[in-house]
Every structure is written in C-alpha cells, then in structure tokens.
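Engineer: This is the structure, below, for whatever I ask next.
The values are calculated or read from the model by the stated rules, or taken from the named source; none is laboratory data. If you're wondering where the values come from, they're calculated on a predicted model, not measured in any experiment. Heads up, the Cβs are rebuilt from the backbone with ideal geometry, glycines too, and the neighbour counts pull from every protein chain shown.
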C-alpha cells in the first residue's frame, strides 16, 4: 500500500489500533517539557501552528469574543472559527475541559499580553524563529537596499 492513507479506507480494526495507540501514547506524556519534545518530533511547525490557533480560537470563543473579533485578532477565516465553534458545542467536551484546566493552572498573563500579538501568528512565529526566515530576510534586505 503506497501513498496517502485515507481514514475511510482503513478497516475498523486498523482505525481502533492506530487511534488507540495514538491516544495511549499521548496519555503517557507527564510534563510540559515532555509534551513539547514529543510534539516537536511528531508535527511540523505548520501543523503545530494550525492546532495552536484552533486552541486560541476555542479560548476566545469561551471567553465570549465574537467571530469578527477573533478573525481580526488572530487573522483567521470565519470557516476556521465556525469549525472550532462546532467542535466546542457539539464535540466531546475536550476543548472545554482542557481549556478550563489550563486557565486554572496558568493564571499568569496569557500569550497575547506577554508577547503583544497572538501566539503562532505570523509575527509571533517570525520573532520566535528568526533563523527560519533568514533567507527571506536577506532577500528582502537586498531588495530594500536596491530601492
């Protein structure tokens, strides 16, 4: 079997095995540092950003922000916001449960207050990982110098 595996093409047994092992492995994570290392190994930076932005959307929805406020602050589309809102209201309760636990444990300033812009926004990633943008920064610097 080569190429991309589609969920609907898996047998029920394969789905249970893969998802069961994934949930079991994630449940073994004991610390923030261990979670950070695991997800850095598992996911690309784009995937981490995508998931992190969904969490930010969920937090903001639970805090009472409107879709328009979220769209402007996080620079995301209404489709993303609507999808997260659907999961919040009709899902399995995972977002609500963990965001509630997060807020209890981390009462300090949230990421917006700490860094001045949303975590995992283009500005945040650019400031946090400047080496990732090194080549484009050099090219943009050359273009500015020529003007």
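Engineer: Taking residue 106 as meeting all but one of (1) within 17 Å of the chain's Cα centre (by Cα); (2) within 25 Å of residue 125 (Cα to Cα), write down the number of the exception.
Structural biologist: The number of the failed condition is (1).
Engineer: Identify the single condition in (1) farther than 30 Å from residue 132 by Cα; (2) modelled with pLDDT of 95 or more that residue 11 does not satisfy, given that it satisfies every other one.
Structural biologist: (2)
Engineer: Limited to the stretch 74-88, what total is found for residues that are loosely packed, with under 15 Cβ neighbours inside 10 Å and in contact with a helix residue (DSSP H, G or I) (Cβ under 9 Å, 6 or more places away or on another chain)?
Structural biologist: 5
Engineer: Kindly establish whether residue 71 is at pLDDT 65 or above and exposed (fewer than 13 other Cβ atoms within 10 Å of the Cβ).
Structural biologist: no
Engineer: With respect to residue 132, is the statement that it is modelled with pLDDT of 80 or more and either outside any helix (DSSP H, G or I) or surrounded by 10 or more Cβ atoms within 10 Å (Cβ to Cβ) (or both) true? Walk me through how you get there before you give the answer.
Structural biologist: Working: modelled with pLDDT of 80 or more: no; either outside any helix (DSSP H, G or I) or surrounded by 10 or more Cβ atoms within 10 Å (Cβ to Cβ) (or both): yes.
The answer is no for residue 132.
Engineer: Which helices (runs of 4 or more DSSP H) sit wholly inside the stretch 1-69 and have at least 1 residues that are in the same structural domain as residue 92 (by TED's automatic domain parsing) and touching a residue at least 40 places away in the same chain (Cβ under 8 Å)? Step through it out loud before you land on a result.
Structural biologist: On the way: elements: 12-27, 32-42, 45-62.
Per the criteria, 45-62.
Engineer: Also, I was wondering about something else. Looking at 66, 44 in this structure, which one is modelled with pLDDT under 95 and over 21 Å from residue 132 (Cβ atoms)?
Structural biologist: Sole residue among the options that is modelled with pLDDT under 95 and over 21 Å from residue 132 (Cβ atoms): 66.
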